[in-house]
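Peer 1: Dumping the structure here so I can ask a few things about it.
The values are calculated or read from the model by the stated rules, or taken from the named source; none is laboratory data. The shown structure was predicted, so the numbers you read here are calculated from the model rather than taken from an experiment. Cβ sites come from the backbone with ideal geometry, for glycine too, and all protein chains shown count toward neighbours.
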Amino acid sequence: MSGQIAKALRLAPTDRIADVGSGTGLFAREVANQLQPRHPILCIDPSEAMLSQLGAPPPANLAPIVASAEDIAEARTRLPYAQLDAMWLKESVHHVADQEHTLCGLVDQLAPGGRVLVVMLPGAIQYPLFKAALARFEELQPNPDVIEGHLRTAGLKASLTYIEHELRIDRDKYLSMVRARYMSLLFTFSDDEIEMGIEEMRLAHPEPVLVFPDRFAFVLGQRRGVSA
C-alpha cells in the first residue's frame, strides 16, 4: 500500500509531504523508508496517543502534528511548510463531517502542481463480516465518485482508479480482529451485537482460512501549475 501511495502521488525526495489522518504513522514510516525524503513527512492526526507510537523522539524523517483534517483545512493549525507538494488521506475521509469543505481547505495548502490522494474503500465491500455490518458500511461509506467530484470542485484535475489484492487470513484471527473492532465501523455495534455477528460469521465461514478481495479506490487530484 505504501508503494502504491508513493507511485500514485509520484513522490520525490524533495517533496514536502503530509499524511492526513496518519494514526500511528504506519504508511508514512514506510514511505519515508522507501523515499528518504529531504523534508520530514508530516504525520497529522487528532490523537496524540496514536502519534506517540511514532517514538520518543520520533524518527528524523517524520514530524507528528496533533490536529484534525478540519484544523488544517481551516488553518487553525499552522504547518511548518508554507505549501505542500503532496498529501494523502488513507481511510480517513469518512471521519470528516463536511468532506467537500474540508477537502477544498486542504487543497488550499497545495503548491502549484501539488497532488492529493484520497485512499478509501469502495461503496460496498466483500469482507466476510456479518450482514448487519456490511449493510451499515454501505450506509455510512462515502462514494468515491462524490469525493472525485469534490476535488474537481476544488479546482483540481481529478481521476479515480481502483486497486485490488487478495487477502488470506486465519479465520480465528479474523474473528478476534472483529471482536477487537479493527474497523471503526464496528464501534457502532454493542458487545452483544458483535458476539452475535461473530457467531453468524462462524456458521457462514467454516473454512479455516478466509480468502477475500481487498479493493481500494484511489482518488487523485492535481493542482494546476508547476511546482517550484
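Peer 1: Which of (1) over 20 Å from PRO206 (Cβ atoms); (2) assigned to a helix (DSSP H, G or I) is the odd one out, the single condition THR161 does not satisfy?
Peer 2: Result: THR161 fails condition (2) only.
Peer 1: When the range 16-33 is examined, which residues are found to be within 9 Å of TRP88 (Cβ to Cβ), touching a residue at least 40 places away in the same chain (Cβ under 8 Å) and either aliphatic (A, V, I, L, M) or touching a His at 6+ places or on another chain (Cβ under 6 Å) (or both)?
Peer 2: ILE17, ALA18, VAL20
Peer 1: Right, something else. Quick check on VAL116: is it buried (at least 19 other Cβ atoms within 10 Å of the Cβ) and either of a type in the set (Gly, Ala, Ser) or under 30 Å from GLU200 (Cα atoms) (or both)?
Peer 2: Numbers: buried (at least 19 other Cβ atoms within 10 Å of the Cβ): yes; either of a type in the set (Gly, Ala, Ser) or under 30 Å from GLU200 (Cα atoms) (or both): no.
No: the conditions fail for VAL116.
Residue by residue, here is whether (1) in contact with a Lys or Arg (Cβ under 7 Å, 6 or more places away or on another chain); (2) buried (at least 18 other Cβ atoms within 10 Å of the Cβ) holds:
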site	(1), (2)
LEU167	no, no
ASP170	no, no
VAL178	no, yes
GLY197	no, yes
HIS205	yes, no
PRO208	yes, no
ASP214	no, no
VAL219	no, yes
GLY225	no, no
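Peer 1: Do we have ILE44 as over 21 Å from ALA32 (Cα atoms), surrounded by 17 or more Cβ atoms within 10 Å (Cβ to Cβ), in contact (Cβ under 8 Å) with a residue 24 or more places away in the chain and of a type outside the set (Asp, Glu) here? Spell out the reasoning first.
Peer 2: Details: over 21 Å from ALA32 (Cα atoms): no; surrounded by 17 or more Cβ atoms within 10 Å (Cβ to Cβ): yes; in contact (Cβ under 8 Å) with a residue 24 or more places away in the chain: yes; of a type outside the set (Asp, Glu): yes.
So ILE44 fails the test.
Peer 1: Residues in the range 57-92 that are touching a residue at least 60 places away in the same chain (Cβ under 8 Å), of a type in the set (A, V, I, L, M) and under 12 Å from ASP45 (Cα atoms): how many?
Peer 2: Going through the range 57-92, the residues touching a residue at least 60 places away in the same chain (Cβ under 8 Å) turn out to be 79, 81, 83-92.
Subset that is of a type in the set (A, V, I, L, M): 79, 84, 86-87, 89.
Still in the running and under 12 Å from ASP45 (Cα atoms): 89.
Residues flagged as touching a residue at least 60 places away in the same chain (Cβ under 8 Å), of a type in the set (A, V, I, L, M) and under 12 Å from ASP45 (Cα atoms) within the range 57-92 amount to 1.
Peer 1: Looking at (1) within 19 Å of the chain's Cα centre (by Cα); (2) in a loop (DSSP other than H, G, I, E, B), can you tell me which one PRO128 breaks?
Peer 2: Single failed check for PRO128: (1).
Peer 1: Mind counting the residues in the range 95-113 that are of a type in the set (A, V, I, L, M), closer than 21 Å to ALA6 by Cα and either surrounded by fewer than 15 Cβ atoms within 10 Å (Cβ to Cβ) or at pLDDT below 95 (or both)? Give the steps one after another, and end with the answer.
Peer 2: Quick first cut of the range 95-113, residues of a type in the set (A, V, I, L, M) only: 96-97, 103, 106-107, 110-111.
Checking the rest, the ones that are also closer than 21 Å to ALA6 by Cα come to 103, 106-107, 110-111.
Applying the additional criterion that residues be either surrounded by fewer than 15 Cβ atoms within 10 Å (Cβ to Cβ) or at pLDDT below 95 (or both) yields none.
Final tally of qualifying residues: 0.
Peer 1: Taking the options PRO64, PRO13, name whichever one is part of a strand (DSSP E or B) and under 26 Å from PRO112 (Cα atoms). Give the steps one after another, and end with the answer.
Peer 2: On the way: PRO13 fails: part of a strand (DSSP E or B).
Unique residue meeting the criteria: PRO64.
The rows are residues; the columns are (1) touching a helix residue (DSSP H, G or I) at 6+ places or on another chain (Cβ under 7 Å); (2) of a type outside the set (Phe, Trp, Tyr); (3) farther than 22 Å from TRP88 by Cβ.
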position	(1), (2), (3)
SER184	no, yes, no
SER190	no, yes, yes
GLU199	no, yes, yes
LEU203	no, yes, yes
PRO206	no, yes, yes
ARG215	no, yes, no
PHE218	yes, no, no
GLY221	yes, yes, no
ARG224	no, yes, no
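Peer 1: Test of understanding: among GLN53, GLN34, which residue is part of a helix (DSSP H, G or I) and touching a Ser or Thr at 6+ places or on another chain (Cβ under 6 Å)?
Peer 2: Details: GLN34 fails: touching a Ser or Thr at 6+ places or on another chain (Cβ under 6 Å).
Unique residue meeting the criteria: GLN53.
Peer 1: Among residues belonging to the range 142-155 that are in a loop (DSSP other than H, G, I, E, B) and in contact with a helix residue (DSSP H, G or I) (Cβ under 6 Å, 6 or more places away or on another chain), point out the one that is surrounded by the most Cβ atoms within 10 Å (Cβ to Cβ).
Peer 2: This residue is ALA154.
Peer 1: Which of (1) among the small types (Gly, Ala, Ser); (2) at pLDDT 95 or above; (3) buried (at least 21 other Cβ atoms within 10 Å of the Cβ) does SER92 not meet, given it meets every other one?
Peer 2: Answer for SER92: the failing condition is (2).
Peer 1: I've got another one for you. Take the conditions in contact with a helix residue (DSSP H, G or I) (Cβ under 7 Å, 6 or more places away or on another chain) and either part of a helix (DSSP H, G or I) or of a type in the set (Ser, Thr, Tyr) (or both) and apply them to ILE194. Does it pass? If you could, list the steps in order and put the result at the bottom.
Peer 2: Numbers: in contact with a helix residue (DSSP H, G or I) (Cβ under 7 Å, 6 or more places away or on another chain): yes; either part of a helix (DSSP H, G or I) or of a type in the set (Ser, Thr, Tyr) (or both): yes.
In short, yes.
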